[in-house]
Structures are given as C-alpha cells and as structure tokens.
Amino acid sequence: MCRTLSTFPTSCLERAKEFKTRLGIFLHKSDLGSDNGNIYKFEWSNKHCKQSRNLSEDVLGWRESFDQLLSSKNGVAAFHAFLKTEFSEENLEFWLACEEFKKIRSATKLASRAHRIFEEFIRSEAPKEVNIDHETRELTRMNLQAATAKCFDVAQGKTRTLMEKDSYPRFLKSPAYQDLASQASATNASPSNCSLAEPLHT
C-alpha cells in the first residue's frame, strides 16, 4: 500500500511543491518539438510515491559533468530552456538529432534522415545552422554521399565541445540553476522522512 501525501509534514510538502514550481517555471518554455514526440520535454511524475529526493539528486548531478547533464532527460530539458534564452538552442537540438540518428537501422531511413539533418542544421544558411567550420561542413556533406550512422560524428563532436566549454559553464552559473541547486541541496539535507516515499508493500 502506498503512503499518501497527507502522512508527510506540511513543511516538507510545501518545500517539495516550491522546488517543483521553481523547476517548472525554469523549464516551461522548453519545447524541442522533435520527430519522436515529447521525449526531451521535462517530465514530472504524477505518482505521489515518487521520491522528491531523486529529483534533487538529479539536479545536483548536472554540475558534476556535462555527460551527466546530457544523460538526464530533465537535465537536457533544463539546458535547452537555458540555451533558448541565449538563442543558441540549435547546438543541443543538433546533438540530440544525431543521437537519435545513430539508432536508425534501416539504410533507406538513415539516408533520408541524414539529408534532413544536414538541411536543417549543417548547410550554409540552414534554418538552425550550427557553428562549425567550413572544413567540417564540407566533410559532412561528403559523408552524405554514402550515409552511415557515423556521418555526423565530427560535426556532432565539435558542437558538443563548444557547448561543454562555452554554454555549460554559463548554465551552471545562471541564477536559475543556482536557485534550483540551492533548493535541491535543502531537500537532500532534510530528514529522510521529509520526502515523498516509495510505495510501501504490506
């Protein structure tokens, strides 16, 4: 049987709700609109038994490494929301598109998607043109002649490096993330019974 929210101290519930609200405000404009639906949108669990502590640990983990941020769906959504404020979200969107591209197994679909990604992010004057050098752009163009899952690797790597060295540090220093991290630290420091509990089986 799952414990209900009413079993937890009022102060705990208020703190959890405040933390959720702060993160929601930070992310509410984030909408990647990918072909795969909303998999990159920030996801809140509606289950009362979901531990708020897990969320706070996730938020604090984003500052440990760029890899850890990118491995978290919530982290990706938060980072995307931040990049939109800097008008540079195309870098992350390209990186994500490449990650999904690598999962394609059909050669026909691979070639088709490769051209779509190139037209959207790589070609000169593309709608979401990423910041890469001419040599990388031409190398990627040549790779499309015989598209494989690795044809965007160089461009994706350079875009990732740019985000890690440039945008990521600014994200961590942003007032929005600093506020979230402070709330997350407070949640982790609270007594163990002051968090949303996992289901209790009786």
Rounded to the nearest whole number, the Stokes-Einstein translational diffusion coefficient of segment 70-178 at 10 °C and 1.306 mPa s (Kirkwood radius, C-alpha pairs) in µm²/s is 110 µm²/s
Segment 74-160, dipole about Cα centre (Lys/Arg Cβ +1, Asp/Glu Cβ -1), debye to the nearest 20: 480 debye
Here the gain from full extension of K103 to K73, 0.36 nm per residue of separation minus their alpha-carbon distance, amounts to 9.1 nm
Between E164 and S182, 0.36 nm times their residue separation minus their Cα-Cα distance comes to what? 4.2 nm
Cβ-based net charge around E129, under 14 Å, with every Lys or Arg adding one and every Asp or Glu removing one: -2
Area of R141 that stays accessible when all protein chains are in place (1.4 Å probe, Å², to 10): 100 Å²
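The values are calculated or read from the model by the stated rules, or taken from the named source; none is laboratory data. Here the structure is a predicted model, which means the values were calculated and not measured. Reconstructed Cβ throughout: ideal geometry from the backbone, glycine too, with neighbour counts over all protein chains shown. Surface areas here come from the heavy atoms of the whole protein model, side chains and all, with no ligands, DNA or RNA. Shrake-Rupley method; radii C 1.70, N 1.55, O 1.52, S 1.80 Å.
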